[in-house]
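The values are calculated or read from the model by the stated rules, or taken from the named source; none is laboratory data. Since we're looking at a predicted model, the values are computed, not measured. Counting neighbours? That spans all protein chains shown, and the Cβs are built from the backbone with ideal geometry, glycine included.
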């Protein structure tokens with residue numbers, strides 16, 4: 001069958017100028033930001049395209065994106081009058097794809113950053129990507145981290161426009177990171193300024209970053225399950241072509257931007273009919289989403305994966321994991337969050353309905369990607385808030401135990417190999433340091449509850465992993481008991497105990 005490209009679909013050709021560069025080419029950012037830009041372009045509201053940048057050396061999407069002339073199919077599911085509906089759209093908002101770890105591509109990317117039409121930077125590199133790492137500035141090529149690369153490239157733009165007429169109005173960029181951490185725009189700006197100091201890029205460059213560029217804190221919400229492996233053959237027949245990058249997601253979409261009406265004028269998302277909120281403070285939106293939707297995913301998926309389940313809807317309909325997941329949300333996460341309980345419960349009801357959608361086939365293994373940083377951002381805060389409210393979060397402690405158990409047989413490298421209850425082996429990608437730390441800690445385990453305490457202490461005391469020593473803030477003995485029980489009695493039996 002013919003593969004998707006411009007030769008097959010010449011009507012998808014676009015000559016719109018490049019107005020944005022995004023770091024990330026995975027399923028979510030393509031089915032969220034690129035889809036939103038496509039929707040705006042259809043209504044002649046944005047009239048620009050995006051250059052997609054591979055964020056890590058191990059990326060596998062970029063070559064396929066280039067083969068398909070940067071086209072892909074977004075398949076969205078929703079309910080209409082109680083019946084499931086599917087929409088298919090070929091997204092053509094990506095103009096080009098760059099691999100910055102290839103010297104020739106990095107040189108092209110440096111030129112892309114000098115385009116006078118460029119206005120926006122987007123990113124979705126997961127929570128693990130938005131961190132400061134001290135790096136040496138190479139004479140050629142790029143550094144490893146996303147913030148480091150962005151610093152290098154902003155400096156190229158700064159040099160290109162320095163002294164030019166109207167330089168400030170042209171050179172300044174609107175930067176909207178989509179990583180799910182609090183104050184993501186503020187955090188990214190702080191890291192860039194650290195790199196500027198490390199590399200002696202000068203006060204003028206720092207003034208450009210602070211005064212000419214605008215960093216926005218954001219919150220994104222859409223479940224994107226990615227490539228529909230189970231239905232790929234059916235979709236290919238319906239569409240009449242093969243698309244190795246088709247991405248399935250829910251019709252629901254939500255974006256919150258912390259800012260003024262100025263960003264709404266520059267980025268007319270609301271005008272395009274998209275579910276966007278621009279507000280001076282997006283904390284309530286972020287808190288409810290990260291703790292309830294993302295927190296429910298991250299706290300329940302490790303156990304469901306260990307139990308031999310593969311998708312979120314399976315997790316929600318299973319006779320053991322389903323009721324447990326609901327109890328985690330309503331009995332422990334919501335009581336710990338300091339927001340209006342009615343608003344939280346209403347949001348949680350909608351989240352549970354979204355999780356139940358069987359058409360998404362949302363793979364647990366994809367949710368487990370970079371699991372350590374997700375636990376830190378999405379689960380640990382609920383545990384600490386529960387403790388401060390005199391709530392004993394046993395189910396969330398179990399979530400930590402199941403998360404730890406994922407790494408029991410790890411050899412210290414990613415992807416992490418997991419032996420599941422069905423006897424099959426699964427795997428997921430995680431941060432190198434997190435995997436090594438977990439693997440080393442499991443070396444202390446000697447098939448006893450006492451040794452499980454040593455393992456749990458070794459993990460929870462690692463300040464580089466968590467930002468602090470957690471041993472004095474959580475019930476180490478209970479977490480160790482549950483961890484030992486998951487290993488010896490099985491994940492579902494331990495879940496029932498909770």
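Condition check: in contact with a helix residue (DSSP H, G or I) (Cβ under 8 Å, 6 or more places away or on another chain), in the same structural domain as residue 139 (by TED's automatic domain parsing) and surrounded by 19 or more Cβ atoms within 10 Å (Cβ to Cβ). Does residue 89 satisfy that?
Values: in contact with a helix residue (DSSP H, G or I) (Cβ under 8 Å, 6 or more places away or on another chain): yes; in the same structural domain as residue 139 (by TED's automatic domain parsing): yes; surrounded by 19 or more Cβ atoms within 10 Å (Cβ to Cβ): no.
Here the answer is no, as residue 89 does not meet what is asked.
Return the residue satisfying two criteria in turn: it lies in region 119-138 and is part of a loop (DSSP other than H, G, I, E, B) and under 18 Å from residue 31 (Cα atoms), and of such residues it is modelled with the lowest pLDDT. Talk me through it step by step, then tell me what you get.
Of all residues in region 119-138, those part of a loop (DSSP other than H, G, I, E, B) come to 119, 124-126, 130-138.
If we keep only those that are under 18 Å from residue 31 (Cα atoms) too, we end up with 124-126.
Numbers: 124: 96, 125: 93, 126: 82.
Checking each candidate, the answer is 126.
Of all residues in region 16-59, which are part of a loop (DSSP other than H, G, I, E, B) and in contact with a strand residue (DSSP E or B) (Cβ under 9 Å, 6 or more places away or on another chain)?
Hits for region 16-59 are 16, 17, 24, 25, 26, 46, 47, 48, 54, 55.
Confirm whether residue 426 is assigned by TED's automatic domain parsing to the domain that holds residue 305 and modelled with pLDDT under 95. Walk me through it before giving the result.
Values: assigned by TED's automatic domain parsing to the domain that holds residue 305: yes; modelled with pLDDT under 95: yes.
Here the answer is yes, as residue 426 does meet what is asked.
So, in region 336-361, how many residues would count as being surrounded by fewer than 16 Cβ atoms within 10 Å (Cβ to Cβ) and part of a helix (DSSP H, G or I)?
8
Among the residues of region 362-385 satisfying the criterion of being surrounded by 23 or more Cβ atoms within 10 Å (Cβ to Cβ) and outside any helix (DSSP H, G or I), which is nearest to the chain's Cα centre (by Cα)?
The selected residue is 368.
Given 245, 274, which one is assigned by TED's automatic domain parsing to the domain that holds residue 47, assigned to a loop (DSSP other than H, G, I, E, B), surrounded by fewer than 19 Cβ atoms within 10 Å (Cβ to Cβ) and on the phi < 0 side of the Ramachandran plot?
274
Looking at 465, 478, which is the one that is out of contact with any strand residue (DSSP E or B) (no Cβ under 9 Å at 6 or more places or on another chain), within 26 Å of residue 315 (Cα to Cα) and part of a helix (DSSP H, G or I)? Lay out the reasoning, then the answer.
Working: 465 fails: within 26 Å of residue 315 (Cα to Cα).
Unique residue meeting the criteria: 478.
For region 28-60, give me the residue count where each residue is surrounded by fewer than 19 Cβ atoms within 10 Å (Cβ to Cβ), within 22 Å of residue 4 (Cβ to Cβ) and within 16 Å of the chain's Cα centre (by Cα).
Looking only at that region, the number is 1.
Every residue, every condition in (1) closer than 21 Å to residue 181 by Cβ; (2) in a helix (DSSP H, G or I); (3) at pLDDT 95 or above; (4) in contact with a strand residue (DSSP E or B) (Cβ under 9 Å, 6 or more places away or on another chain), yes or no:
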position: 278; (1), (2), (3), (4): yes, no, yes, yes
position: 289; (1), (2), (3), (4): yes, yes, no, yes
position: 292; (1), (2), (3), (4): yes, yes, yes, no
position: 295; (1), (2), (3), (4): yes, yes, yes, no
position: 305; (1), (2), (3), (4): no, yes, yes, yes
position: 313; (1), (2), (3), (4): no, yes, no, no
position: 316; (1), (2), (3), (4): no, yes, yes, no
position: 324; (1), (2), (3), (4): no, yes, yes, no
position: 330; (1), (2), (3), (4): no, yes, yes, no
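Name the residue that is surrounded by the most Cβ atoms within 10 Å (Cβ to Cβ), counting only residues in region 315-327 that are closer than 16 Å to residue 362 by Cβ and without any contact (Cβ under 8 Å) to a residue 24 or more places away in the chain. Don't jump to the end; show me each part of the working.
Residues of region 315-327 that are closer than 16 Å to residue 362 by Cβ, as a first pass: 315-318, 321-322, 325.
Next, only the ones that are without any contact (Cβ under 8 Å) to a residue 24 or more places away in the chain stay: 318, 322.
On the way: 318: 17, 322: 19.
Taking the candidates together, the pick is 322.
With respect to residue 63, is the statement that it is within 22 Å of residue 8 (Cβ to Cβ), over 19 Å from the mean Cα position of the chain (by Cα) and without any contact (Cβ under 8 Å) to a residue 24 or more places away in the chain true? Quick ask: steps written out before the conclusion?
Details: within 22 Å of residue 8 (Cβ to Cβ): yes; over 19 Å from the mean Cα position of the chain (by Cα): yes; without any contact (Cβ under 8 Å) to a residue 24 or more places away in the chain: yes.
So residue 63 fits the description; yes.
Here are 421, 434: which of them is crowded, with 17+ Cβ neighbours inside 10 Å, touching a helix residue (DSSP H, G or I) at 6+ places or on another chain (Cβ under 9 Å) and in the same structural domain as residue 458 (by TED's automatic domain parsing)? Break it down into steps so the answer makes sense when it comes.
Values: 421 fails: crowded, with 17+ Cβ neighbours inside 10 Å.
After applying the criteria, what remains is 434.
Is it the case that region 254-261 has a residue that's part of a loop (DSSP other than H, G, I, E, B) and within 24 Å of the chain's Cα centre (by Cα)? Let's see the steps before the verdict.
Applying the first criterion (part of a loop (DSSP other than H, G, I, E, B)) to region 254-261 yields 259-260.
Then keep just the ones that are within 24 Å of the chain's Cα centre (by Cα); that gives 259.
The answer is yes; a qualifying residue exists.
Looking at this structure, is residue 456 at pLDDT 95 or above, touching a strand residue (DSSP E or B) at 6+ places or on another chain (Cβ under 9 Å) and assigned to a helix (DSSP H, G or I)?
Details: at pLDDT 95 or above: yes; touching a strand residue (DSSP E or B) at 6+ places or on another chain (Cβ under 9 Å): no; assigned to a helix (DSSP H, G or I): yes.
For residue 456, the condition - at pLDDT 95 or above, touching a strand residue (DSSP E or B) at 6+ places or on another chain (Cβ under 9 Å) and assigned to a helix (DSSP H, G or I) - is not met.
Name the one entry in 493, 451, 485 that is assigned by TED's automatic domain parsing to the domain that holds residue 401, assigned to a helix (DSSP H, G or I) and more than 21 Å from residue 308 (Cβ to Cβ).
Working: 493 fails: more than 21 Å from residue 308 (Cβ to Cβ); 485 fails: more than 21 Å from residue 308 (Cβ to Cβ).
When all the criteria are applied, what remains is 451.
For region 15-27, enumerate the residues that are surrounded by fewer than 17 Cβ atoms within 10 Å (Cβ to Cβ) and within 24 Å of residue 241 (Cα to Cα).
15, the sole residue that qualifies.
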